[in-house]
Amino acid sequence: MSTNSPDIGTGSHTVGPPLPAEIPKPPYTPSAAGRIAFFFGPFAGAMVSTISLRRMRHPEKARKAASVASLGAVLLALLLFFTPEAFSRIIGLVAEIAFYVTFKRMQEHEFAEWQAANADVQPSNGWKAVGWGILGLILMVGIFFGVAIVLGLFGIEPR
């Protein structure tokens, strides 16, 4: 610490610029979360939305995004399990559009507030969220296999 005045007891001092580790990372845009959800599934969109909401200091809404994703993934797996193959592609496309809209709108209000408060900070690049999208896709495939295995244990076969 360096002091601005010769009196050390006054408490007046200047602090250097913040270290990179001290600066919180900016959130992803809502459209980035929506696109990740569309291409990689509900878990991927929820992961990007959760990260963004936590970076904007909204942990309760981040938990809600994770809950919506868990419920959506299990319901989609069950629905696709019992749907004939001819209709499964249509249902899958409609579900992906619904995930896009859901995860985009889930954080629009919070993102607008964050952007107004941080006008000089650019949001994180959406391409950096692709890794989270791949991880979310792997989790989604795991849920699909888990649902199929559990239903198979009860003797329920897909159509």
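Just how many % of Cα pairs in the range 24-75 lie over 15 Å apart, if you round to the nearest whole percent? Result for the distance tail: 40 percent.
Counting only DSSP H runs of at least 4 residues, each contributing -39500 (n - 2.57), and dividing by the residue count of the chain, the helix-based mean residue ellipticity at 222 nm comes to -22500 deg cm²/dmol. Take each peptide in 137-149, 109-121, 51-63, 32-44, count the other Cβ atoms within 10 Å of every residue, and average; sorted highest first, the result is 32-44, 51-63, 137-149, 109-121. Dimensions of the chain based on its C-alpha atoms, expressed as ranges along the principal axes with the largest first, amount to 83, 29, 24 Å.
By the compact-protein rule of thumb, 2.2 N^0.38 Å, the alpha-carbon radius of gyration of the range 69-155 corresponds to a ratio of 1.43. With point charges of +1 on the Cβ of Lys and Arg and -1 on the Cβ of Asp and Glu, referenced to the Cα centre of the chain, which listed residue (Ala37, Pro84, Gly142) lies farthest in the positive direction of the dipole? Projecting each Cα onto the dipole axis, the largest value belongs to Pro84.
Every number in this text was worked out from the coordinates using simple rules, so none of it is lab data. Treat the numbers as computed from the prediction; the structure is a model and nothing was measured. Because the Cβ atoms are built from the backbone with ideal geometry, glycine has one as well, and the counts that use them run over all protein chains shown.
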